[in-house]
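In what follows, a single structure is set out as structure tokens and then discussed.
FYI, it's all coordinate maths here, none of it is from the lab. Small disclaimer: the values here were computed from a predicted structure and weren't measured. Glycine also receives a Cβ, built like all others from the backbone with ideal geometry; neighbour counts cover every protein chain displayed.
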Amino acid sequence: MQLKFKTGRLLSIINFVDNLKITGPKPNRGRYRLSKLVTAKYKECEDERLDLMKKYAELDGGNLKADEKNNVIFKSDEDKQTCLDEEKERQESDAVITVDDFMDVLTEFYQYLCGYNEQLSGSDGFLFGLMLDVFEDAGFTEKEGK
């Protein structure tokens, strides 16, 4: 089974999941596993972002060259725009996380989310709904009576 998040939302998802108020060992274990998996995917995506920038930016010993304001220096304005366009597309693409090895604890976590009663506002409310959608799109279903 796979969870699919937009690449550009991974860091927000990590922060949201890490800050949820959770009681009980099983749903908390699910949160721990999900956080580890999403964090690993985020690091992978950040490496891809760095590789993309290196393709279009000036380098100094293999590292991105920056100006006095710490802005990346691109080879040309055209390269900068191409890089920004490719990065935007990458941010909107799906980051796919395989969760087969953790179905038991992630199912507990999902069930906990379905009955979550803490107040959520602003971006937390949005991310909560997004989390439920991602789990449901992957095939998780709410158990009756929970």
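Tell me yes or no: at least one residue of region 23-34 is loosely packed, with under 13 Cβ neighbours inside 10 Å and either in contact (Cβ under 8 Å) with a residue 24 or more places away in the chain or outside any helix (DSSP H, G or I) (or both).
Taking region 23-34 and keeping what is loosely packed, with under 13 Cβ neighbours inside 10 Å, we get 23-25.
Keeping just the survivors that are either in contact (Cβ under 8 Å) with a residue 24 or more places away in the chain or outside any helix (DSSP H, G or I) (or both) gives 23-24.
Within region 23-34, one or more residues are loosely packed, with under 13 Cβ neighbours inside 10 Å and either in contact (Cβ under 8 Å) with a residue 24 or more places away in the chain or outside any helix (DSSP H, G or I) (or both).
Within region 49-70, take every residue that is of a type outside the set (Ser, Thr, Tyr) and assigned to a helix (DSSP H, G or I) and give me the one that is surrounded by the most Cβ atoms within 10 Å (Cβ to Cβ).
As a first pass, look at region 49-70 and keep what is of a type outside the set (Ser, Thr, Tyr): 49-55, 57-70.
Next, from what is left, pick out any that are assigned to a helix (DSSP H, G or I): 49-55.
On the way: ARG49: 16, LEU50: 13, ASP51: 9, LEU52: 15, MET53: 18, LYS54: 15, LYS55: 13.
Only one residue fits best here, namely MET53.
Conditions first: (1) over 17 Å from the mean Cα position of the chain (by Cα); (2) closer than 25 Å to GLY8 by Cβ; (3) touching a residue at least 40 places away in the same chain (Cβ under 8 Å). VAL72 passes all but one, so which condition is the exception?
It is condition (3) that VAL72 fails.
Can you find, within region 78-103, the residue that is farthest from PHE5 (Cα to Cα) among those that are over 19 Å from the mean Cα position of the chain (by Cα) and in contact (Cβ under 8 Å) with a residue 24 or more places away in the chain?
LYS80
Which condition number in (1) in contact (Cβ under 8 Å) with a residue 12 or more places away in the chain; (2) surrounded by fewer than 16 Cβ atoms within 10 Å (Cβ to Cβ); (3) under 13 Å from the mean Cα position of the chain (by Cα); (4) part of a helix (DSSP H, G or I) is the one that GLU46 fails?
Result: GLU46 passes all but (1).
Evaluate the following for SER35: is it closer than 18 Å to ASP137 by Cβ, among the small types (Gly, Ala, Ser) and under 22 Å from the mean Cα position of the chain (by Cα)? Even if it seems obvious, please write down each step before you answer.
On the way: closer than 18 Å to ASP137 by Cβ: no; among the small types (Gly, Ala, Ser): yes; under 22 Å from the mean Cα position of the chain (by Cα): yes.
No, not satisfied.
Answer yes if at least one residue in region 73-89 is closer than 25 Å to GLY122 by Cα, in contact with a strand residue (DSSP E or B) (Cβ under 9 Å, 6 or more places away or on another chain) and not polar (S, T, N, Q), and no otherwise.
no
Filter region 99-146 down to the residues that are part of a helix (DSSP H, G or I) and under 16 Å from THR23 (Cβ atoms) and list them by number. Full working, then the answer.
Of region 99-146, the ones part of a helix (DSSP H, G or I) are 100-114, 122-137.
Within region 99-146, VAL105, GLU108, PHE109, TYR110, GLN111, TYR112, LEU113, CYS114 meet the criteria.
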